[in-house]
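Here the structure is laid out as structure tokens; the discussion comes afterwards.
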Amino acid sequence: MSGVLEVLAWWLVLTGVWLVLISTVDSLEVMVGAAAALPTALVARAARRVVTGR
Amino acid sequence: MRADDGWLAVALVPLLALVPVLWRVSRGAPEDRLIAQNLSSLLGGLALLPAAQGFGRPAYVDVALVLSVLGPTGTLIYARFLGVLPGSRLVRRTALLGVPAIVLPLCVAAGPGRAMAKLLLIGALLIAGSVVTGAGGGRGRKAAADGGRTA
């Protein structure tokens, strides 16, 4: 459960960063960003676990 | 003096500070040169942000963003080659004083919105990168962090 929450938190942060950094916000950009942020959130959690050793 | 010229004058400060820093990159002990290299990427980012405003080219902000991510990363990679991450109070102080001094006026100029959020993100990255790489880490600390995985 905590894993799902952590991935969700990473996904929210990464999608937020995407929305800040793109030049124009439209529905296609939002969809691409949200979709790309999901695997990236999984990788972020994996990387965090490697760094903290838990 | 127009407002654009004011921003360009601000950009000149970190740009001129780069001259002695780049000289230092090319001289002296490897640890000192690594600190100077670290400082040069910070100053480069700080010069690009007001330059983007002064020249009216928002794309320069993207270059500062890339620099704020890759600068500290490069420093950490070189620190790994050297076997030591030299701490530097100068880098930390330059970031803690210089980044707010330049980013906050730019935020006021940008007004609330995504542009301001982007500037704050870049500022946070510049400070975080400089604090992490300026904190330093000796050989013993690095060996312990690696868990003896590297030779």
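In percent, rounded to a whole number, the relative contact order of chain B is 25, using alpha-carbon pairs under 8 Å and six or more apart.
As a proxy for reagent exposure, A:ASP26, B:ASP62, B:ASP4 were ordered by neighbouring Cβ count within 10 angstrom, fewest first; the result is A:ASP26, B:ASP4, B:ASP62.
Net charge near A:LEU21, counting Lys/Arg +1 and Asp/Glu -1 over other residues with Cβ under 10 Å of its Cβ? Can you show the working numbers first?
Numbers: positive: B:ARG114, B:LYS118; negative: B:ASP62.
Combined, the nearby Lys, Arg, Asp and Glu give +1.
When both the range B:103-134 and the range B:12-80 are represented by their alpha-carbon centers, they are found 15 Å apart. Its residue count N sets the reference 2.2 N^0.38 Å, and the alpha-carbon radius of gyration of chain B equals 1.11 times that reference.
Ranked by the mean number of other Cβ atoms within 10 Å of their residues, highest first, the peptides A:2-12, B:73-83, B:118-128 fall in the order B:118-128, B:73-83, A:2-12. Charging the Cβ of each Asp and Glu at -1 and of each Lys and Arg at +1, and nothing else, the dipole of the protein assembly as shown about its Cα centre rounds to 840 debye.
Given R₀ = 41 Å, FRET efficiency for B:ASP5-A:ALA46 by Cβ-Cβ distance, to 0.05? Once rounded, the FRET efficiency stands at 0.25.
Taking the longest Cα principal axis of chain B as reference, the axis of helix B:3-25 is set at about 20 degrees.
Taking Cα pairs under 8 Å and at least six residues apart, what relative contact order does chain A come out at, in percent? Spell out each step's value before the answer.
Numbers: 25 pairs, mean separation 26.5, N = 54.
It rounds to 49 percent for chain A.
Only Cα sites of the range B:57-107 enter the Debye sum here, all with the same form factor; the resulting log10 I(q)/I(0) across q = 0.23, 0.28, 0.33 1/Å is -1.00, -1.11, -1.15, listed in q order. Under a Gaussian network description of chain B, with springs only between Cα atoms under 10 Å, the residue in B:ARG92, B:ARG57, B:ARG33 that fluctuates furthest is B:ARG57.
Counting only other residues whose beta carbon sits under 14 Å from that of B:LEU42, what net charge do I get with K and R as +1, D and E as -1?
Combined, the nearby Lys, Arg, Asp and Glu give +4.
What angle, in degrees between 0 and 90 and rounded to the nearest 10, separates the Cα long axis of helix B:30-55 from the longest principal axis of the Cα atoms of chain B? With rounding to tens, the tilt is 10 degrees.
Taking beta carbons within 10 Å but only from partner chains, what does the mean come to for residues A:16-23? Before the final figure, lay out the partial values.
Working: counts 2, 3, 0, 2, 9, 8, 2, 4.
What the average comes to for A:16-23 is 4.
Between B:ARG24 and B:VAL131, the simple label model (points 7 Å from Cα in the Cβ direction) yields a spacing of 2.2 nm. Counting only alpha carbon atoms, the long axis of helix B:89-110 and the longest principal axis of chain B meet at about 20°. With 5 Å bins from zero, work out the P(r) of the range A:2-52 over every alpha carbon pair and list the percent per bin. Final binned percentages: 5, 24, 27, 20, 13, 8, 3, 1.
Read-outs throughout are calculated quantities, based only on the coordinates presented, and are distinct from any laboratory measurement. Since the model is a prediction, treat every value here as computed from it, not as a measurement. Glycine also receives a Cβ, built like all others from the backbone with ideal geometry; neighbour counts cover every protein chain displayed.
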